[in-house]
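Worksheet for the structure shown next.
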Amino acid sequence: MTANEAPRGKQPTATYDSAFLKACRREPVPHTPVWFMRQAGRSLPEYLKVREGIPMLESCRRPELVTEITLQPVRRHGVDAAIYYSDIVVPLKAIGLDLDIKPGVGPVVEQPIRTRADLARLRDLTPEDVSYVTEAVGMLTRELGPTPLIGFAGAPFTLASYLVEGGPSRTYENAKAMMYGDPELWADLLDRLADITAAFLKVQIEAGASAVQLFDSWAGALAPADYRRSVLPASAKVFEAVAGYGVPRLHFGVGTGELLGLMGEAGADVVGVDWRVPLDEAARRVGPGKALQGNLDPTVLFAGKEVVETKAQEVLDAAAGLEGHVFNLGHGVMPSTDPDALTRLVEYVHSASAR
C-alpha cells in the first residue's frame, strides 16, 4: 500500500482529509500545510518551564510530559501537524546502550561500536521496551483529533555515526573508516539499526501516528556513490518495513542536495529539502511521484516580518508547480527564535496559499 491509497475496507481516520496528509499524498489542498522541525522544543518558554530540571532522555519516557510538549506548538502556532517529542537515540537507550544526551554536546556513547563483537549489544527492540511511546501516542491522538501526528526516528546512517564516533562529529572519520575499510561490518551494523528503527516506527504507527519521518541528519557528509552503496539499502529496508501501513513516509537530511534523488529512491513519499536547493530544482532532482517538504532557511526568522514574508513567498512560488508541498524550514527551529515569528509565518503561508 502506498500513501496515496486509503486503507481498504476501513473508514478514513479523523486525520485522513487533513491538509498535511493530502499534501503528502499529492492531492489538492485548501492551503499549503505547515509544520516545523523542532517545533516542540527550546524556542518555546512553556517548553523550558515544563522541562526545567528534567534530563532530555528522562523527559522522553514520561507520557504526560511528552504529550504536553508535543501539543504546545499546535496550540501556539496553529501548525497543520504535530511532531512526536522524542530523540533519535531513544530506541538505542531503550535496548540498553549506555548513552546520554549531554547539554551543549549532544548524544554521547560510553562505549562506541567499533568491532563485530560490539554488534551483539544491538539487540532487537520490542514494543515493551518503549511502552511509554505507545501510551504517549495514544494520549496525543485523542487530544489532537483531526490534526495529524508525525512519528519519527533517526535513520541508520545517522545512528551509526553517533555509535561509531561515540558522539557528534564534524568529520565522521571513524564511521567512514569502518564504511570504507570494513564494508561487511558496516553493512551489518546498518542492517541491525534498520531493524531497530523500523520497530520503533511501527510502535508509533500502531499507536496512532498518521505519518513518519526518517531523519538522516548527517547523510549530507556522503558522496552519492557512497550513499547508494553503503546507506541506501538500510534506509530502504526501514521504509519497506512500514510500507504496508499506508501512512506517508517522509525523509529528511541536511546538506543533501546531491542526494535528493537517492533519498526519494530509498522509498520516501515525501522528500525533505534544506534551504540550499530551490524547491523547483529539488523537484527536478527527485523526479515525479514524490511530494516535497521545505525549505525556508531557519535564520530568515531573525530578519523581521517583511523579510520573512518575502522569503516565504519565494518558497511558495518555487513550489507552485509541485505535485505536493508541505511548508517547513530547511532545518530545525533554532533555540533563540522568537515564537511569535513562527506563529506569523504559519498565518502568512495559510493566507498566501489559500485555494
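The values are calculated or read from the model by the stated rules, or taken from the named source; none is laboratory data. Everything numeric here is computed off the predicted structure, so don't read it as measured data. Here the Cβ positions follow ideal geometry from the backbone for every residue, glycine too, while neighbour counts run over all protein chains shown. We work out accessible area using only protein heavy atoms, side chains counted, and drop any ligands, DNA or RNA first. Shrake-Rupley method; radii C 1.70, N 1.55, O 1.52, S 1.80 Å.
Return a yes/no flag: does the stretch 170-185 have any residue that is out of contact with any helix residue (DSSP H, G or I) (no Cβ under 6 Å at 6 or more places or on another chain), surrounded by fewer than 24 Cβ atoms within 10 Å (Cβ to Cβ) and within 24 Å of ASN328 (Cβ to Cβ). Taking every residue of the stretch 170-185 in turn, none turns out to be out of contact with any helix residue (DSSP H, G or I) (no Cβ under 6 Å at 6 or more places or on another chain), surrounded by fewer than 24 Cβ atoms within 10 Å (Cβ to Cβ) and within 24 Å of ASN328 (Cβ to Cβ). Restricted to the stretch 118-231, the set of helices (runs of 4 or more DSSP H) holding at least 1 residues that are within 14 Å of SER86 (Cβ to Cβ) comprises 131-144, 156-165, 183-207. Considering PRO148, PRO103, the condition of being under 22 Å from ARG38 (Cβ atoms) and surrounded by fewer than 17 Cβ atoms within 10 Å (Cβ to Cβ) is satisfied by PRO103 alone.
Scanning the stretch 1-56 for residues that are among the hydroxyl-bearing types (Ser, Thr, Tyr) and either modelled with pLDDT under 95 or in a loop (DSSP other than H, G, I, E, B) (or both) yields THR2, THR13, THR15, TYR16, SER18, THR32, SER43. Checked against the criterion of being free of Cβ contacts under 8 Å to residues at least 60 places away in the same chain, of a type outside the set (Phe, Trp, Tyr), surrounded by 21 or more Cβ atoms within 10 Å (Cβ to Cβ) and more than 24 Å from VAL271 (Cα to Cα), the candidates ILE113, ILE69 yield just one match: ILE69. Output yes when any residue across the stretch 75-85 is touching a residue at least 40 places away in the same chain (Cβ under 8 Å), open to solvent by less than 20 Å² (accessible area, probe 1.4 Å), closer than 16 Å to TYR162 by Cβ and assigned to a loop (DSSP other than H, G, I, E, B), and no when none is. Checked the stretch 75-85: no residue is touching a residue at least 40 places away in the same chain (Cβ under 8 Å), open to solvent by less than 20 Å² (accessible area, probe 1.4 Å), closer than 16 Å to TYR162 by Cβ and assigned to a loop (DSSP other than H, G, I, E, B).
For every residue, the table says whether it meets (1) hydroxyl-bearing (Ser, Thr, Tyr); (2) out of contact with any Leu (no Cβ under 9 Å at 6 or more places or on another chain); (3) open to solvent by 30 Å² or more (accessible area, probe 1.4 Å); (4) more than 30 Å from LYS22 (Cβ to Cβ).
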{"position": "PRO107", "(1), (2), (3), (4)": "no, no, no, yes"}
{"position": "TYR132", "(1), (2), (3), (4)": "yes, yes, yes, yes"}
{"position": "THR141", "(1), (2), (3), (4)": "yes, no, yes, no"}
{"position": "LEU163", "(1), (2), (3), (4)": "no, no, no, yes"}
{"position": "LEU190", "(1), (2), (3), (4)": "no, no, no, yes"}
{"position": "ALA194", "(1), (2), (3), (4)": "no, yes, no, no"}
{"position": "LYS202", "(1), (2), (3), (4)": "no, yes, yes, no"}
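This table checks each residue for (1) open to solvent by less than 30 Å² (accessible area, probe 1.4 Å); (2) out of contact with any Lys or Arg (no Cβ under 8 Å at 6 or more places or on another chain); (3) closer than 25 Å to GLU46 by Cβ; (4) of a type outside the set (A, V, I, L, M, F, W, C).
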| residue | (1), (2), (3), (4) |
| --- | --- |
| GLY304 | no, yes, yes, yes |
| ALA319 | yes, yes, no, no |
| PRO339 | yes, no, yes, yes |
| VAL346 | yes, yes, yes, no |
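Residues that are of a type outside the set (D, E, K, R), open to solvent by less than 10 Å² (accessible area, probe 1.4 Å) and out of contact with any helix residue (DSSP H, G or I) (no Cβ under 7 Å at 6 or more places or on another chain) within the stretch 267-302 comprise GLY272, GLN293, PRO298, listed in sequence order. A count restricted to the stretch 28-63 and to residues that are open to solvent by less than 10 Å² (accessible area, probe 1.4 Å), under 17 Å from LEU345 (Cα atoms) and among the hydrophobic types (A, V, I, L, M, F, W, C) stands at 5.
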